[in-house]
Amino acid sequence: MAKERQEIENKYKWNVEDLFATPEDWDKALEQLKELSEGIEQFRGKLCLGDPDILKSYFELDTKMGIIASKLGTYAHMVVDQDLRISENNERQQRLQLFYVEYAQKSAFEMPELGQISDEQLDILSKDPRTSDHWMMFDQLKREKKHILSDVEEELMAKTSIMGDVPDGAYSMLTDAEMPWPQMTLESGEEIKLDHAEYMNQRISKNRADRKTAFDLFWKTYKQFEGTFGELMAGNIRSSVFGQVVRKYASVLESRLEGKNIPVSVYDSLVENVNKALPTFHRYLKLRQKMLGVDQLEYWDVYAPVVSDIDLKYTYEEARQLVLEAIKPLGEEYGKVVLKAFEDRWIDVYPNEGKASGAYSTGAAYDVHPYILTNFNGTLDSVSTLIHELGHTMHSYLSNTNQPYHLSHYVIFVAEVASTFNECLLDELMLKKLTKKEEKISLLMNILDGFKGTLFRQTQFAEFEREMYKLGESNQPITGKKLTQLYLDILKKYYGHDNGVCHIDDLVGIEWAFIPHFYRAYYVYQYSTSFIASNALVENVLNGGKEERDRYLKFLSSGCADYPIDLLAKAGVDMLSSKPFDYVVKKMNRIMDEIEDLMK
């Protein structure tokens, strides 16, 4: 059972005082931000002139405000996630959101005015030393002018933006704080509360009966709120579609990709290639069935340990040592910063009552340092989660250290590369450390589970998301029941239900409501593309020399100094070709060959 937060030692809790010593200091910073925001008015009617000195002053104000806002937002988000039950923390976050809405209305003239600058002048500004480090913004302006609205329309969009956050906020409140979790009796007789954290524990239980009971109880609980989840998601979709239509994008997908110069074909090719590779995924599922020794693989078997007498458990201190050893190929300086993250309380380690579930890293506080939230439970998977989030942290740290503020925040498309890269490094280390055949088989299956959970599962989510948004774009009704059926059909296809590969109970169709990332339109596919890029980069670094490592570290230090496809190309991966994907599928088959040889 999770402890109350005050029962956990401080060394295992992140130090929010690095951001603001007291809540009162946060209040003062918000007032400072509001005062600075008044300065935006001086640029009204002047941005359209394209004068380098005016734009330089405009960018300087934007940077000052951005750095303060990043700290305010990071602090507000973190203290909410420490304990979702504390209402004053939620109020603080709402105060900041209201400021953003007010400022967006006040500054609504920005994009319409910038959109009036001629293409020729934008080219000149891209080369002028006063404004040249904003070349990408000028390039984006040239491509996106047709999507910029008038002053009045932009102000109206700003006023309505806060409504778009309501479904996500309501969803988080329901699932993380107010959901009535059921009691479950294990076969051992122990009584547990089946919340998110306990569900994650039970789905990897060795006891098949407990796994089935946990799945039934957990998904029945979600199913009770199918209508509510449907309404929340419908509101989320309608909000995104509204923005897409008003700004004259062909689709919500295009609206999410065009700004970062990512072709829609990258998304569609991912879904198409993964569908073609489903026979490889089905091979993995059949191997899992064989190793579990079951007549029919069920969906509640796909997380279970396949080697029954292996129970790899680690203390947090042991996990820390594994992480530090695994990252050695990235050099001494990289390792020093990771050690600092452990020692200086950048990490919130253990679950507590009311704490947000899951894990994340935030590097938004540009002039402080990144932070990590995790819910460490001692499994190898939780060690992998830790090194994963440290990958994000190092990406943020290196980008913040080496780039000016406006170029420091790497885009979502490359956001999972560093984290997945680190997971691969841990896998390589553990394959060397474990010498017993059973342990090695268990680890290799764990690596394959990564392929299942990232390459295939996230692309399955991406395909569902694309079809879900088509409902909104074609003005069709969106209900929880319809989304459940849509998700169930795609799930059955991926898991080979109709061919007897893995049986999918209809109850599991509600799983879509379990995925919070669906409230961030077209986010999840990037886990898959990052997984593909990461595996290719790991191959380059581990089989290369200093040049390959330095290219990768330069990529981590680049923030958004170039478009993501170009950054990856410079690091050594061409995401516009099928070569990286083909390599990953071959690697998966190679691992299955190795497992089958060990089993012989």
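With all protein chains present and a 1.4 Å probe, how do K492, K127 order by accessible area, largest first? Each step should come with its number before you reach the end.
Details: K492 45, K127 165 Å².
Largest to smallest exposure gives the sequence K127, K492.
Take the solvent-accessible surface of the protein heavy atoms, probe 1.4 Å, and return the percent of it on region 445-600 that carbon and sulfur atoms account for. Kindly include the intermediate steps, with their values, before the conclusion.
Values: 2820 of 5910 Å².
On region 445-600, the fraction of accessible area on carbon and sulfur atoms equals 48 percent.
Could you order M163, M179 by accessible surface area, starting with the largest, using a probe radius of 1.4 Å? Could you put the intermediate results ahead of the total?
Values: M163 120, M179 10 Å².
My answer, sorted largest first, is M163, M179.
Using a cut-off of 12 Å between beta-carbons, work out the net charge of the residues near P516 (Lys and Arg +1, Asp and Glu -1, P516 not included).
Value of the local net charge: -1.
Near K336, which aspartates and glutamates are there with a Cα under 14 Å away, not counting those fewer than 8 places off in the same chain?
Counting by Cα, and skipping residues close in sequence, K336 has these aspartates and glutamates nearby: E325, D344.
Work out how much length Q183 to T435 would gain on full extension: take 0.36 nm times their residue separation and subtract the Cα-Cα distance, in nm to one decimal.
Additional length available on full extension: 86.7 nm.
Using Cα pairs under 8 angstrom and six or more residues apart, how large is the relative contact order of region 289-426, in percent?
In percent, rounded to a whole number, it is 22.
What do you reckon, how do W135, W300 stack up by accessible area (1.4 Å probe), largest on top?
Greatest to least solvent exposure: W135, W300.
On the full set of protein chains, 1.4 Å probe, figure out the accessible area of R92 and give it in Å² to the nearest 10.
The value for R92 is about 30 Å².
Please give the helix 546-556 orientation as an angle from the longest Cα principal axis of the chain, in degrees from 0 to 90, rounded to the nearest 10.
60 degrees
Relative contact order of the chain: what whole-number percent is it, with Cα pairs under 8 angstrom and at least 6 residues apart?
Across the chain, relative contact order equals 17 percent.
So if R0 is 51 Å, what FRET efficiency would K127 and L217 give, r being the distance between their Cβ atoms, rounded to the nearest 0.05? Please report the intermediate quantities before stating the final value.
Numbers: r = 63 Å, r/R0 = 1.23.
Plugging the Cβ-Cβ distance into 1/(1 + (r/R0)^6) gives 0.20.
From the residues G358, F413, Y316, which one has its Cα farthest along the dipole of the chain in the positive direction, the dipole being from +1 and -1 charges on Cβ of Lys/Arg and Asp/Glu about the Cα centre?
F413
Taking H placed 1.01 Å from N in the peptide plane, check which residues at least 5 places from D348 or on another chain put their amide H under 5 Å from its amide H.
W14, I372, L373, T374
Would you mind working out the magnitude of the charge dipole of region 152-311 relative to its Cα centre, with +1 at each Lys and Arg C-beta and -1 at each Asp and Glu C-beta, to the nearest 20 Debye?
Details: 19 positive and 25 negative charges, 140 e Å.
Dipole magnitude for region 152-311 comes out near 680 debye.
Go ahead and collect, in residue order, the members of region 507-536 whose backbone nitrogen is under 18 Å from a label point 7 Å along the Cα-Cβ direction of R143.
The answer is 522-523, 526.
Output the 0 to 90 degree angle, nearest 10, between the alpha-carbon long axis of helix 151-161 and the longest principal axis computed from the alpha carbons of the chain.
That helix lies at roughly 30 degrees to the long axis.
When each pair of different Cα atoms in region 1-66 is counted once in the 1/r mean, what is the Kirkwood radius in angstroms, to one decimal?
Result for region 1-66 stands at 15.4 Å.
Hey, got the dipole for region 146-200? About the Cα centre, +1 on K and R Cβ, -1 on D and E Cβ, debye to the nearest 20?
With Lys and Arg at +1 and Asp and Glu at -1, about 180 debye.
By how many nm would the segment from D27 to Y360 grow when fully extended, if each residue of separation counts as 0.36 nm and the alpha-carbon distance is taken off?
Here the answer is 117.3 nm.
With Cα extents along the principal axes in Å defined as stated, name the option among (i) 85, 77, 44; (ii) 73, 55, 49; (iii) 76, 69, 49 computed from the structure displayed.
Among (i) 85, 77, 44; (ii) 73, 55, 49; (iii) 76, 69, 49, the one derived from this structure is (ii).
Kindly report, to the nearest 10 Å², the accessible surface of S474 as traced by a 1.4 Å probe over protein heavy atoms only.
60 Å²
Heads up, I need the accessible area for E333: 1.4 angstrom probe, whole protein in place, Å², nearest 10.
For E333, solvent-accessible area is about 120 Å².
Count the net charge of all other residues whose Cβ sits under 12 Å from the Cβ of Y314, scoring Lys and Arg as +1 and Asp and Glu as -1. Can you show the working numbers first?
Numbers: positive: K313, R320, K433; negative: D311, E317, E318, D381.
Around Y314, the surrounding residues sum to -1.
Starting from the Cα of K492, draw a straight line to each of the lysines and keep only those under 23 Å, dropping any in the same chain fewer than 8 residues away.
Filter leaves K212, K220, K223, K276, K286, K290, K452, K470, K481, K482.
Between rounded, prolate and oblate, where does region 165-279 land on the alpha carbon gyration tensor, with a ≥ b ≥ c its root eigenvalues, rounded for a/c under 1.5, else prolate if a/b exceeds b/c?
Since a/c reaches 1.5 but b/c is at least a/b, the shape of region 165-279 is classed as oblate.
About its Cα centre, what dipole magnitude does the chain give when the only charges are +1 on Lys and Arg Cβ and -1 on Asp and Glu Cβ, stated in debye to the nearest 20?
That gives the chain a dipole magnitude of about 1420 debye.
Return the FRET efficiency for the residue pair S118, N201: r is the Cβ-Cβ distance, R0 is 56 Å, and the value is rounded to the nearest 0.05.
Computed FRET efficiency for S118 and N201: 0.40.
Given an 8 Å cut-off on Cα distances and at least 6 residues of separation, report the relative contact order of region 213-355 as a percent.
Working: 34 pairs, mean separation 12.9, N = 143.
Normalised by residue count, the contact order of region 213-355 is 9 percent.
So, counting K/R as plus one and D/E as minus one, what does the shell of residues with Cβ under 14 Å around F225 add up to?
Result for the local shell: -2.
E191 to E7: FRET efficiency via 1/(1 + (r/R0)^6), r the Cβ-Cβ distance, R0 22 Å, to the nearest 0.05?
The calculated FRET efficiency here is 0.55.
Quick one: helix 316-326 against the long Cα principal axis of the chain, what's the angle to the nearest 10°, folded into 0 to 90?
Long axis of 316-326 versus the principal axis of the chain: about 70 degrees.
Heavy-atom accessible area per residue, region 437-517, 1.4 Å probe: how many Å²?
Result: 34 Å² of accessible area for each residue.
Which whole-Hz couplings ³J(HN,Hα) result when phi for each residue of region 586-600 is put into the Karplus expression 6.51 cos²θ - 1.76 cosθ + 1.60, θ = phi - 60°, listed in order with x for Gly and Pro?
Karplus-based 3J(HN,Hα) across region 586-600 equals 5, 4, 4, 5, 5, 5, 5, 4, 5, 4, 5, 5, 5, 5, 5 Hz.
Using the basic label-point model (7 angstrom from Cα toward the beta carbon), what is the D295 to K260 distance in nanometres?
Between D295 and K260, the simple spin-label model gives 4.8 nm.
Which of the three applies to region 322-431, rounded, prolate or oblate, going by the alpha-carbon gyration tensor with a ≥ b ≥ c and a/c under 1.5 meaning rounded?
Note, shape of region 322-431 comes out oblate.
Would you kindly compute the Cα radius of gyration of region 257-388 and its largest Cα-Cα separation (Dmax), both in Å?
19.6, 56
What is the spin-label model distance, in nm, from M173 to D498 if the labels are put 7 Å beyond Cα along the C-beta direction?
4.2 nm
The values are calculated or read from the model by the stated rules, or taken from the named source; none is laboratory data. Not measured: the values here are computed from a predicted model. Cβ: placed from backbone, ideal geometry, glycine included. Neighbour counts: every protein chain shown. Protein only, heavy atoms only, side chains kept; ligands, DNA and RNA dropped before computing areas. Shrake-Rupley method; radii C 1.70, N 1.55, O 1.52, S 1.80 Å.
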